[in-house]
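For reference, the structure is listed below as structure tokens.
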Amino acid sequence: MLIPARMSEAEEKRWVTVMLDKLAAQESKRVLGDTELAERAERLSAQYFDGRARPTSVRWVTNQNTRWGSCTPSEGSIRLSHRLQGMPEYVVDYVLLHELAHLLVPGHGPRFWRLLEAYPRTERAKGYLEGVVAAERLPNPPGAREE
Ligand SMILES: [Zn+2]
């Protein structure tokens, strides 16, 4: 980092803090690769589902515009819409957990939502995604129709 020469020590400290915040913000906006996505899914499964949800593949796809995520339980594969890239981590984690939960429970019955209750930001993430949909005025709210 280049620090302007005339800064006082206090100014310098403040400036460094600002720059570190900016770097952290950029870092959190960085897109996860498929490998990182799979690692994240594994960690979430371990943390919230005792590791019972074991996907065989987790990857981003660009052909899902009306759904945030989908899974094929028979194959154990999970796909996340690239539209989630750049959204807050807790939102991506929620969608991952949602699809992981489908590896354990099909459909959206009480048993399914009981699994998701373990994740403290489920409601907040759902609200965020609903807000995105409302903002974009999509005809089919993602999350409502997927299986
Ligand atoms: Zn679902």
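The values are calculated or read from the model by the stated rules, or taken from the named source; none is laboratory data. Computed from a prediction, not measured in an experiment: that's the story for all the values here. Backbone-built Cβ (ideal geometry, glycine too); neighbour counts: all protein chains shown. We work out accessible area using only protein heavy atoms, side chains counted, and drop any ligands, DNA or RNA first. Shrake-Rupley method; radii C 1.70, N 1.55, O 1.52, S 1.80 Å.
The condition of being within 16 Å of the chain's Cα centre (by Cα) and more than 16 Å from the ligand (Cβ to nearest atom) holds for only one of Arg52, Arg137, Arg59, that being Arg59. If you go through region 113-129 and pick out every residue that is over 19 Å from Gly86 (Cα atoms) and either among the basic types (Lys, Arg) or assigned to a helix (DSSP H, G or I) (or both), you end up with 5. The requirement of being at pLDDT below 95 and either within 15 Å of the chain's Cα centre (by Cα) or outside any strand (DSSP E or B) (or both) is not satisfied by Ser45. Scanning region 74-107 for residues that are within 15 Å of the ligand (Cβ to nearest atom), touching a residue at least 12 places away in the same chain (Cβ under 8 Å) and in a loop (DSSP other than H, G, I, E, B) yields a count of 2. Looking at Glu39, Glu99, Glu89, just one residue is open to solvent by less than 70 Å² (accessible area, probe 1.4 Å) and of a type in the set (D, E, K, R), and that residue is Glu99. If the condition is being surrounded by 13 or more Cβ atoms within 10 Å (Cβ to Cβ) and assigned to a loop (DSSP other than H, G, I, E, B), then region 55-64 contributes Pro55, Gln64.
When region 106-128 is filtered for residues that are open to solvent by less than 10 Å² (accessible area, probe 1.4 Å) and either of a type in the set (A, V, I, L, M) or on the phi > 0 side of the Ramachandran plot (or both), the ones remaining, listed by number, are Leu116, Ala125. Residue pairs whose Cβ atoms lie under 7 Å apart, separated by 6 or more positions or on different chains, with the first residue in region 109-132 and closer than 18 Å to Phe49 by Cβ and without any contact (Cβ under 8 Å) to a residue 40 or more places away in the chain and the second among the β-branched types (Val, Ile, Thr) and part of a loop (DSSP other than H, G, I, E, B), are Arg111/Val105; Phe112/Val105.
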